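The values are calculated or read from the model by the stated rules, or taken from the named source; none is laboratory data. Being a predicted model, the structure only gives us computed values, none of them experimental. Methodologically, a virtual Cβ is constructed for each residue, glycine included, from the backbone with ideal geometry; neighbour enumeration extends over all protein chains shown. Note: areas computed on protein heavy atoms with side chains; ligands, DNA, RNA excluded. Shrake-Rupley method; radii C 1.70, N 1.55, O 1.52, S 1.80 Å.
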Amino acid sequence: MSVSQKIIGGLKAQLVSEGVRVVANGLVIVLLAREFLSPEEYGLLFLAISVFGVALLFSQFGIAKSAARYVAEYREKDPGQVPHIVRTSLLYLVVSILLVGGTITLFHDRIAALIGEPALASLLVFGLGYIAFETLRTYLSHVLQGFNRIALSAAVGIVGNVGLITFILLFLALGGGAVGALLGYIVGYGLACAAGLVIVFRLVGGYERASEVGHDLPRRILEYSVPLTATGGANVLYKQADTILIGVFLTPVAVGYYTLAKQIADFVIAPASSLGFTVAPTYGEHKASGDSASAARIYETTFEYVVLLYIPAAAGLVIVAEPTIRFVFGADYLGAVPVMQVLSGFVVLQAIDKITNDGLDFLGRARARAISKGSTAVLNFLLNLLLIPWIGVVGAAISTVFGFTIMVLFNVYIIHRELGLSIPRLARSVGLVCLVTAGMCGVVLFFLPYITNVFWLFAIVGLGGLVWLTLSALCGLLDVREAVSALR
């Protein structure tokens with residue numbers, strides 16, 4: 001099978017998995033916001049999940065990506081070490097899960113009091129279950145990526161997301177409220193773990209275990225996890241700390257507004273997440289074989305398609321933010337509109353980050369990525385401390401976009417140094433995409449006053465998409481027949 005066929009095959013599977021995740025989470029969020037929870041309860045639920053997100057940094061400790069890196073390396077040069085890599089990394093995880101998850105559960109009251117939201121205690125008490133299953137689920141996903149079994153990783157994701165929406169809705173229907181929703185997340189992640197463990201153990205069973213563990217291999221797994229943990233810490237500062245600070249300085253309702261806007265951005269990011277997850281191992285494979293030029297062309301093509309999709313998407317979010325919030329989630333959440341408009345810039349930046357981050361790990365540049373993400377995350381945290389008390393929840397969005405801009409530029413520069421990208425080619429693509437975006441936005445703005453209900457919202461968004469498709473094809477940015485043929 002050729003490299004392009006492997007990438008497209010994996011991408012199809014990952015897109016299906018991401019599609020299920022987006023649909024499942026979308027239904028959950030709409031139902032939580034409109035039917036089951038008040039803005040305050042909604043904010044409390046995701047404030048608790050943000051606290052768990054901080055704890056996950058220490059329970060995961062970069063082990064998942066470190067194990068994936070060494071599985072990808074040793075399955076080619078010394079397959080007998082693969083069972084040792086999986087066993088050792090799993091033992092590390094069990095210890096960290098018990099320490100971190102147990103601490104959250106034991107001290108749930110104190111943590112809630114420290115944040116200033118005593119009502120959080122009833123959610124934090126389930127910390128051990130949430131942290132255990134989410135840590136293990138992430139680990140299994142990355143290990144399957146290391147085996148380059150993207151379709152199997154996608155299947156595990158589908159099992160988890162179907163279970164998640166099923167049990168969240170079941171517990172909500174039984175009157176569980178925010179606690180019921182949290183238990184639904186835990187059960188869904190647990191189902192994904194069960195499926196993933198069966199698949200990984202079967203894959204590992206296909207390797208004859210070496211009689212001895214490779215020289216210093218357990219130590220190297222831990223060592224490589226250190227910069228990955230630093231990067232994870234930066235992710236926490238970007239994705240969780242701001243939510244917690246909003247809870248400390250403002251109210252659970254403000255947390256709800258900010259979380260909703262970020263979740264909408266996350267839905268839009270799904271295709272880029274799939275693409276980045278799929279192509280990342282390919283960079284390392286080409287670099288290891290001395291074919292950096294092919295790796296560069298893959299990255300450039302990926303970059304072009306990402307900006308073609310996400311620059312217009314971000315511009316569209318700015319324009320239709322108000323009717324989207326009003327007609328999909330309800331007027332109670334209109335406070336999320338300015339946050340969503342600011343975070344539209346974050347959508348573009350995060351899309352580029354998704355196709356760059358994992359690639360740096362597989363190129364062995366985790367340390368450089370950790371430095372860039374860590375330093376800008378600290379900057380983002382400091383800006384949050386300054387802007388949230390000053391201008392409210394929009395300040396958190398501004399801080400995120402500013403910090404992410406610097407980080408993404410630096411990470412793309414590292415990829416350029418590693419692979420030798422064609423900067424004129426990328427600049428030309430961005431320029432043409434901006435022209436396409438201007439044409440699409442002109443049409444959407446013209447029809448914007450006619451959006452009076454959710455039907456017209458989707459109709460005009462669809463019209464904007466048709467204009468985008470037409471202009472992209474006319475500018476030579478998209479070959480529609482080739483794209484349809486590739487995805488068959």
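Residue-by-condition table, conditions (1) over 23 Å from Gly188 (Cα atoms); (2) at pLDDT 80 or above; (3) more than 24 Å from the chain's Cα centre (by Cα):
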position: Val23; (1), (2), (3): no, no, no
position: Gly26; (1), (2), (3): no, no, no
position: Tyr42; (1), (2), (3): no, yes, no
position: Ala48; (1), (2), (3): no, yes, no
position: Ser66; (1), (2), (3): yes, yes, no
position: Glu73; (1), (2), (3): yes, no, yes
position: Asp109; (1), (2), (3): yes, yes, yes
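Tell me the residue from Glu208, Glu223 that is surrounded by fewer than 16 Cβ atoms within 10 Å (Cβ to Cβ), outside any helix (DSSP H, G or I) and of a type outside the set (A, V, I, L, M), please. Step through it out loud before you land on a result.
Details: Glu223 fails: outside any helix (DSSP H, G or I).
None of the other options fit; the residue is Glu208.
Can you tell me which condition Ala178 does not meet? The list is (1) within 29 Å of Arg69 (Cβ to Cβ); (2) open to solvent by less than 30 Å² (accessible area, probe 1.4 Å); (3) not aromatic (Phe, Trp, Tyr), and all the others hold.
All conditions are met except number (1).
Looking at region 136-185, which of its residues are more than 25 Å from Glu41 (Cα to Cα), of a type in the set (S, T, N, Q) and part of a helix (DSSP H, G or I)? Step through it out loud before you land on a result.
Pass one, region 136-185, residues more than 25 Å from Glu41 (Cα to Cα): 136-159.
Next cut, of a type in the set (S, T, N, Q) only: 138, 141, 145, 148, 153.
Thr138, Ser141, Gln145, Ser153, listed by residue number.
Being open to solvent by 10 Å² or more (accessible area, probe 1.4 Å) and under 21 Å from the mean Cα position of the chain (by Cα) is the filter here; which residues of region 380-403 pass it?
Hits for region 380-403 are Phe381, Ile398, Val401, Phe402.
Go through region 351-451 and tell me which helices (runs of 4 or more DSSP H), entirely inside it, have 2 or more residues that are among the small types (Gly, Ala, Ser) and closer than 19 Å to Lys262 by Cβ. Explain how you work it out, then say what you get.
Working: elements: 366-391, 393-419, 423-447.
Result: 393-419.
Of (1) closer than 30 Å to Gly247 by Cα; (2) without any contact (Cβ under 8 Å) to a residue 60 or more places away in the chain, Pro424 satisfies all except one. Which?
(1)
Could you say whether any residue in region 450-457 is of a type outside the set (Val, Ile, Thr), at pLDDT 90 or above, open to solvent by less than 60 Å² (accessible area, probe 1.4 Å) and farther than 21 Å from Lys354 by Cα? Working first, answer last.
Going through region 450-457, the residues of a type outside the set (Val, Ile, Thr) turn out to be 450, 453, 455-457.
Retained after the next criterion (residues that are at pLDDT 90 or above): none.
No; the residues of region 450-457 include none that is of a type outside the set (Val, Ile, Thr), at pLDDT 90 or above, open to solvent by less than 60 Å² (accessible area, probe 1.4 Å) and farther than 21 Å from Lys354 by Cα.
In this structure, does Leu419 turn out to be touching a residue at least 60 places away in the same chain (Cβ under 8 Å), closer than 21 Å to Val320 by Cα and in contact with a Lys or Arg (Cβ under 9 Å, 6 or more places away or on another chain)? Don't jump to the end; show me each part of the working.
Working: touching a residue at least 60 places away in the same chain (Cβ under 8 Å): yes; closer than 21 Å to Val320 by Cα: no; in contact with a Lys or Arg (Cβ under 9 Å, 6 or more places away or on another chain): yes.
Judged against the criteria, Leu419 is not a match.
Could you identify the single residue in Val255, Val268 that is buried (at least 18 other Cβ atoms within 10 Å of the Cβ), modelled with pLDDT under 75 and aliphatic (A, V, I, L, M)? Give the steps one after another, and end with the answer.
Numbers: Val255 fails: modelled with pLDDT under 75.
Criteria check complete, one pass: Val268.
Suppose the filter is farther than 30 Å from Glu300 by Cβ, at pLDDT 85 or above, of a type outside the set (Ser, Thr, Tyr) and surrounded by 19 or more Cβ atoms within 10 Å (Cβ to Cβ); does Gly53 pass it?
Details: farther than 30 Å from Glu300 by Cβ: yes; at pLDDT 85 or above: no; of a type outside the set (Ser, Thr, Tyr): yes; surrounded by 19 or more Cβ atoms within 10 Å (Cβ to Cβ): yes.
It is false that Gly53 is farther than 30 Å from Glu300 by Cβ, at pLDDT 85 or above, of a type outside the set (Ser, Thr, Tyr) and surrounded by 19 or more Cβ atoms within 10 Å (Cβ to Cβ).
Residues of region 318-335 being open to solvent by less than 20 Å² (accessible area, probe 1.4 Å) and modelled with pLDDT of 85 or more, which ones? Working first, answer last.
Going through region 318-335, the residues open to solvent by less than 20 Å² (accessible area, probe 1.4 Å) turn out to be 320-321, 323, 325, 329-330, 333.
Across region 318-335, the qualifying residues are Val320, Ala321, Pro323, Ile325.
Within region 100-128, count every residue that is open to solvent by 10 Å² or more (accessible area, probe 1.4 Å) and without any contact (Cβ under 8 Å) to a residue 60 or more places away in the chain.
Within region 100-128, the subset open to solvent by 10 Å² or more (accessible area, probe 1.4 Å) is 100, 102-111, 113-119, 121-122, 125-126, 128.
If we keep only those that are without any contact (Cβ under 8 Å) to a residue 60 or more places away in the chain too, we end up with 100, 102-110, 113-114, 118, 121-122, 125, 128.
Looking only at that region, the number is 17.
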